[in-house]
Amino acid sequence: MKNFLTDIERADLKKRHRTEKDGRTRDRIKALLLSDQGWSYSLISEALFWDASTVSKHVDEYLSKKKLSLETGGSESKLTPDQASELIKHLETKTYATAGEIRAYVEEMYGVKYSDSGMTNWLKANGFSYRKPAVVPAKANPVEQEKFIEKYGELKKNIKDDEVILFSDAVHPTMATKISSCWIKKGSDKTIGTTASRTRLNIIGALELIKMEVHTKDYKTVNSESMIDFFDFLKEQYPGKKIYLILDNGAYNTSLETRKAAKAKGITLVFLPTYSPNLNPIERLWKVMNKYTRNNRFFKTATEFRDCIKSFFKKTWTDIAQSM
């Protein structure tokens, strides 16, 4: 479709595009102007990352209703404030995989109709985002977790200047390629080299949340002996300070040797409830490490792999810590 806009409409749309704050409306205007110039719907869809049917729909809506956005002449029904509040509480307790499922619930419950895109916009406007839920082990004891949270809150509230709280854990990244989701052009595929190498690092780490400081040390294996050595390493990082070290119930953390050494070195061990990795923030650090170093990356040599992991803790983490 070409030259369907009048000169006045064309000028008004260009002016509106320069001043419009809503990105969705600006994209609608672009679609109209490009179609008016003779661009095909398929070309416009590639430029705007839409599908061709969406472009066609927006052009038709403008021609029939002069519609540029959901707010100007849109057919989207609205929930009342009470209905919106009720729906938000419902969504906080019940999990839906798609906006379409929520749209169907809203229509059945309130008699209010939304399109899938309209429901998505409503969800975003009300503070919802599409992401994976937080994982909590099925064997976790919620009562014990709540007790730990209260205990940690008291510890944090009463911490002194010469004391520090650290969260500790061990991680074992391997050289093997770690495949994860990524953006790939439709109709094509993306290949990433893999390796069967069993090369890995055994790292014990400790995270201090106030300054987002991370301290790590590599070991041949992680056991009571390496934990005791790590205690000495931490004392060097925090000279003269009493250390509260929060960690899980792994055998090398709870062994008699480890407990005796911690007490002798002035380190108080605080154990998480069993099956509670969700309460240890250093677990998230390991995920961030994988994101920046291992996800969808092929390592040619073991040296390259080791250098990459070490560089994350020495440089990358320093650059991104506060954004975490």
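The values are calculated or read from the model by the stated rules, or taken from the named source; none is laboratory data. Nothing here was measured: the structure is a model prediction, and the numbers come from that model. All Cβ positions, glycine included, derive from the backbone under ideal geometry; neighbour counts span all protein chains shown. Keep in mind that these areas ignore ligands, DNA and RNA; they rest on the heavy atoms of the full protein, side chains included. Shrake-Rupley method; radii C 1.70, N 1.55, O 1.52, S 1.80 Å.
Probe radius 1.4 Å, ligands and nucleic acids ignored: give me the carbon and sulfur share of the accessible area of the chain as a rounded percent.
Percent of accessible area from carbon and sulfur atoms in the chain: 52.
D51 versus N3, label points 7 Å from Cα toward the beta carbon: distance in nm?
Computed distance between label sites D51 and N3 equals 3.3 nm.
Any chance you could look up the accessible area of L209 with a 1.4 Å probe, heavy atoms only, rounded to 10 Å²?
We get 60 Å² for L209.
Relative to the compact-globule scaling 2.2 N^0.38 Å, provide the ratio for the alpha-carbon radius of gyration of segment 144-268.
Working: Rg = 19.0 Å, N = 125, 2.2 N^0.38 = 13.8 Å.
Cα Rg divided by the expected 2.2 N^0.38 Å: 1.38.
Give the calculated FRET efficiency between K287 and K15 to the nearest 0.05, with a Förster radius of 45 Å applied to their Cβ-Cβ distance. Don't skip to the answer; put the middle values down first.
Details: r = 47 Å, r/R0 = 1.03.
The computed FRET efficiency comes out at 0.45.
In cubic angstrom, how much convex hull volume per residue do the alpha carbon atoms of segment 196-305 span?
In segment 196-305, the Cα convex hull volume per residue is 132 Å³.
Quick check on my link table: of K113/K185; K89/K132; K15/K185, which ones sit more than 25 Å apart, alpha carbon to alpha carbon?
Violating the 25 Å Cα-Cα cut-off are K113/K185; K15/K185.
When Rg is the radius of gyration of the Cα atoms in the chain and Rh is its Kirkwood radius, what does Rg/Rh come to?
My calculation of the ratio gives 1.11.
C182 to R200: extension gain in nm, 0.36 nm per residue of separation minus the Cα-Cα distance?
Numbers: separation 18, 0.36 × 18 = 6.48 nm, distance 2.43 nm.
So the chain would gain 4.1 nm between C182 and R200.
Can you tell me the Rg and Dmax of segment 1-108, counting just the alpha carbons, in angstroms?
Calculated on Cα positions, Rg and Dmax stand at 17.3, 53 Å.
Estimate the FRET efficiency between T95 and T174 by the formula 1/(1 + (r/R0)^6), using the beta-carbon distance for r and 30 Å for R0, to the nearest 0.05.
That gives a FRET efficiency of 0.40.
Please label the shape of segment 90-223 as rounded, prolate or oblate, based on the square roots a ≥ b ≥ c of the eigenvalues of the alpha-carbon gyration tensor (a/c under 1.5 means rounded; beyond that, a/b larger than b/c means prolate, else oblate).
Note, shape of segment 90-223 comes out oblate.
Show me the trypsin sites (Lys or Arg not before Pro) within segment 86-186 that DSSP assigns to loop and that have at most 11 other Cβ atoms within 10 Å of their Cβ.
In loop regions of segment 86-186 (DSSP not H, G, I, E or B), the sparsely surrounded trypsin sites (Lys or Arg not before Pro) are K94, R131, K139, K160, K185, K186.
Largest first, what is the accessible-area ranking of I184, I88 with a 1.4 Å probe?
These residues rank, largest area first, as I184, I88.
Under a 1.4 Å probe, what is the accessible area of the chain per residue, stated in Å²?
62 Å²
Work out how much length F128 to A321 would gain on full extension: take 0.36 nm times their residue separation and subtract the Cα-Cα distance, in nm to one decimal.
Taking F128 through A321 to full extension adds about 67.0 nm, to one decimal.
Over 15 Å apart: what share of the alpha carbon pairs of segment 281-324 falls there, rounded to a whole percent?
Cα-Cα pairs in segment 281-324 separated by more than 15 Å: 42 percent.
Given a Förster radius of 41 Å and the C-beta distance between A251 and S85 as r, what FRET efficiency does 1/(1 + (r/R0)^6) yield to the nearest 0.05? Mind dumping the intermediate values first?
Working: r = 49 Å, r/R0 = 1.20.
E between A251 and S85, to the nearest 0.05, is 0.25.
With both partners inside segment 169-297, how many of the DSSP beta bridges are antiparallel, as a percent to the nearest 5?
Expressed as a percentage, antiparallel bridges in segment 169-297 total about 65.
For the chain, what is the calculated [θ] at 222 nm in deg cm²/dmol (nearest 500), taking -39500 (n - 2.57) for each run of four or more DSSP H residues and dividing by its residue count?
Numbers: 14 runs with 153 residues, N = 324.
The helix-only estimate for the chain comes to -14500 deg cm²/dmol at 222 nm.
For segment 250-324, what is Rg from Cα atoms divided by 2.2 N^0.38 Å, rounded to two decimals?
It is 1.45.
Rg to Rh ratio, segment 138-206, alpha-carbon atoms and Kirkwood radius?
1.21
Which is farthest toward the positive dipole end of segment 8-103 among F49, L13, I29, measuring Cα position about the Cα centre, with Cβ charges +1 (Lys, Arg) and -1 (Asp, Glu)?
About the Cα centre, the residue reaching furthest to the positive side is L13.
Once fully extended, how much extra length lies between N141 and D162, figured as 0.36 nm per residue of separation less the alpha-carbon to alpha-carbon distance?
Value of the extension gain: 4.2 nm.
In debye to the nearest 20, how big a dipole does the chain give about its Cα centre with +1 on each Lys and Arg Cβ and -1 on each Asp and Glu Cβ? Present the calculation step by step, with values, prior to reporting the outcome.
Numbers: 55 positive and 42 negative charges, 163 e Å.
With Lys and Arg at +1 and Asp and Glu at -1, about 780 debye.
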